[in-house]
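The values are calculated or read from the model by the stated rules, or taken from the named source; none is laboratory data. From a predicted model like this one, the values you see are computed outputs, not experimental measurements. No Cβ is skipped: glycine too gets one built from the backbone with ideal geometry, and neighbour counts run over all protein chains shown. Quick note on the areas: whole protein, heavy atoms, side chains included, nothing else; ligands and nucleic acids left out. Shrake-Rupley method; radii C 1.70, N 1.55, O 1.52, S 1.80 Å.
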Amino acid sequence: DMRMSAGEGNEEFSPASVTSQGGMGFTAADICNEFDEFELQRILKMYGDEPRAKRIARSIVEHRPLSTTGHLIEAVAAVTPERAKSKRMGRTASLARVFQSLRIVVNQEDRVLEKALLEMSPALIRPGGHLVVLSYHSMEDRAAKRAIRDGTIKAQKRRVREERDMYGNYIGIPRPWKSIGKRIKAREEEVAVNGRARSATLRVGERQVSSEKNDI
């Protein structure tokens, strides 16, 4: 479990505060104390889907310097209610998203994910084989969806009309994957046994024959 508990408020805000495994060479403390407000907001929005990203980013800047996780918790608490009608809008959920965002940046998890989806998977899976991706937060699921659908994890502009034959089959530029079915979410029975399953999303792609010689 790479997630950090937000309950350890006296933990030193150092590389150990948010797990660092061969990351960028900076820590969560560096991000909170040195990045500007706009960049903090972007990180919280992109990697945490945090609805209060702007407020929290501003609060982090205003509470500097932050030397412990407790300081970060105080900065987030200053602009988030302890409880809300929706659990997603409560303080605990916001703290989880903030720590998640910091961990992703420190560990370069987005780059690792991109390499796994765009380089390793197509190289390892033969045509007809299946790629099964189980993601636990929106950034991972968004990347998996785009990789399977478009062959990239970058956001695409409105796609041009796809080339299809008279039967509706795609005949445009070869894609590495064909999406199999829709995304799958855990059933209530599964969530009752394992609460973490609530955020899990499963997607499946079938490896297609490309123009590469090693696929023929």
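Could you check region 65-89 and list, in sequence order, the residues that are over 16 Å from residue 102 (Cα atoms) and either polar (S, T, N, Q) or touching a Cys at 6+ places or on another chain (Cβ under 8 Å) (or both)?
80, 86 - these are the residues of region 65-89 that are over 16 Å from residue 102 (Cα atoms) and either polar (S, T, N, Q) or touching a Cys at 6+ places or on another chain (Cβ under 8 Å) (or both).
Given the structure, is residue 76 under 19 Å from residue 204 (Cα atoms), touching a helix residue (DSSP H, G or I) at 6+ places or on another chain (Cβ under 6 Å) and of a type in the set (A, V, I, L, M, F, W, C)?
Working: under 19 Å from residue 204 (Cα atoms): no; touching a helix residue (DSSP H, G or I) at 6+ places or on another chain (Cβ under 6 Å): yes; of a type in the set (A, V, I, L, M, F, W, C): yes.
Spelling it out, it is not the case that residue 76 is under 19 Å from residue 204 (Cα atoms), touching a helix residue (DSSP H, G or I) at 6+ places or on another chain (Cβ under 6 Å) and of a type in the set (A, V, I, L, M, F, W, C).
Of all residues in region 110-132, how many are open to solvent by less than 30 Å² (accessible area, probe 1.4 Å) and either farther than 28 Å from residue 97 by Cβ or part of a helix (DSSP H, G or I) (or both)?
Initial filter on region 110-132 (open to solvent by less than 30 Å² (accessible area, probe 1.4 Å)): 117, 121-122, 129, 131.
So of that shortlist, the ones also either farther than 28 Å from residue 97 by Cβ or part of a helix (DSSP H, G or I) (or both) come out as 117, 121-122, 129.
Qualifying residue count for the region: 4.
Anything in region 192-207 that is closer than 21 Å to residue 142 by Cβ and out of contact with any Gly (no Cβ under 9 Å at 6 or more places or on another chain)? List them, or say none.
Within region 192-207, 196, 197, 198, 199, 200, 201, 202, 205 meet the criteria.
Any residue at all in region 133-143 that is within 16 Å of residue 53 (Cβ to Cβ), surrounded by fewer than 20 Cβ atoms within 10 Å (Cβ to Cβ), in contact (Cβ under 8 Å) with a residue 60 or more places away in the chain and of a type outside the set (Val, Ile, Thr)?
Looking for residues that are within 16 Å of residue 53 (Cβ to Cβ), surrounded by fewer than 20 Cβ atoms within 10 Å (Cβ to Cβ), in contact (Cβ under 8 Å) with a residue 60 or more places away in the chain and of a type outside the set (Val, Ile, Thr), one finds at least one in region 133-143, hence yes.
Only residues that are in contact with a helix residue (DSSP H, G or I) (Cβ under 7 Å, 6 or more places away or on another chain) and part of a loop (DSSP other than H, G, I, E, B): list them for region 185-203, please.
Correct list: 186 only.
Read through the list (1) free of Cβ contacts under 8 Å to residues at least 24 places away in the same chain; (2) among the charged types (D, E, K, R); (3) touching a Gly at 6+ places or on another chain (Cβ under 6 Å), then give the number of the only condition that residue 111 fails.
(3)
For region 71-89, state whether one or more residues are surrounded by 16 or more Cβ atoms within 10 Å (Cβ to Cβ), on the phi < 0 side of the Ramachandran plot and not in a helix (DSSP H, G or I).
yes
Scan region 90-109 residue by residue and report those that are open to solvent by less than 40 Å² (accessible area, probe 1.4 Å) and either basic (Lys, Arg) or in a loop (DSSP other than H, G, I, E, B) (or both).
90, 97, 103, 108
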